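Structure first, commentary second.
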Amino acid sequence: MHEVQIVNVSPLGLMGRTQSTIAAGEKLLFELPHIRRAEAVARWVEDGRVGVEFTKPIESDHYTMMLAFMPKRQMQW
């Protein structure tokens, strides 16, 4: 199992930070608020970051509800 800290998310995918070894093309499963499980594929991996594409885009109403559950972004300089 991989642990990924979500940095940003869109209806099509997400970018996250991880200390796990994930390969581009690897199939992943994410537990997301309101969505429950979202299947995805790692599209790129670089310097502890991973770019992921969901196999099915998140519907707009579900996406809006999911964002309400996530903590507000805080700038970390």
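The values are calculated or read from the model by the stated rules, or taken from the named source; none is laboratory data. Since this is a predicted model, take the numbers as computed values, not measurements. Reconstructed Cβ throughout: ideal geometry from the backbone, glycine too, with neighbour counts over all protein chains shown.
Side notes on the structure shown:
- Strands (runs of 3 or more DSSP E) lying entirely in the chain (those with 2 or more residues that are of a type in the set (G, A, S) and out of contact with any Leu (no Cβ under 7 Å at 6 or more places or on another chain)): 13-18
- Verdict on A68 being out of contact with any His (no Cβ under 7 Å at 6 or more places or on another chain) and under 16 Å from M1 (Cα atoms): no
- Long-range neighbours under 8 Å by Cβ, at least six apart or interchain, first residue farther than 17 Å from E39 by Cβ and touching a residue at least 12 places away in the same chain (Cβ under 8 Å) within segment 1-21, second of a type in the set (S, T, N, Q) and part of a loop (DSSP other than H, G, I, E, B): E3/Q19; E3/S20
- Every residue from segment 22-60 that is free of Cβ contacts under 8 Å to residues at least 24 places away in the same chain and under 20 Å from P71 (Cβ atoms): E31, R36, A38
- Answer residue from segment 30-53, given it is aliphatic (A, V, I, L, M) and modelled with pLDDT of 95 or more and is nearest to the chain's Cα centre (by Cα) among those: V52
- Qualifying residues in segment 54-71 (those that are surrounded by 15 or more Cβ atoms within 10 Å (Cβ to Cβ) and under 12 Å from V9 (Cα atoms)) - the one modelled with the lowest pLDDT: M66
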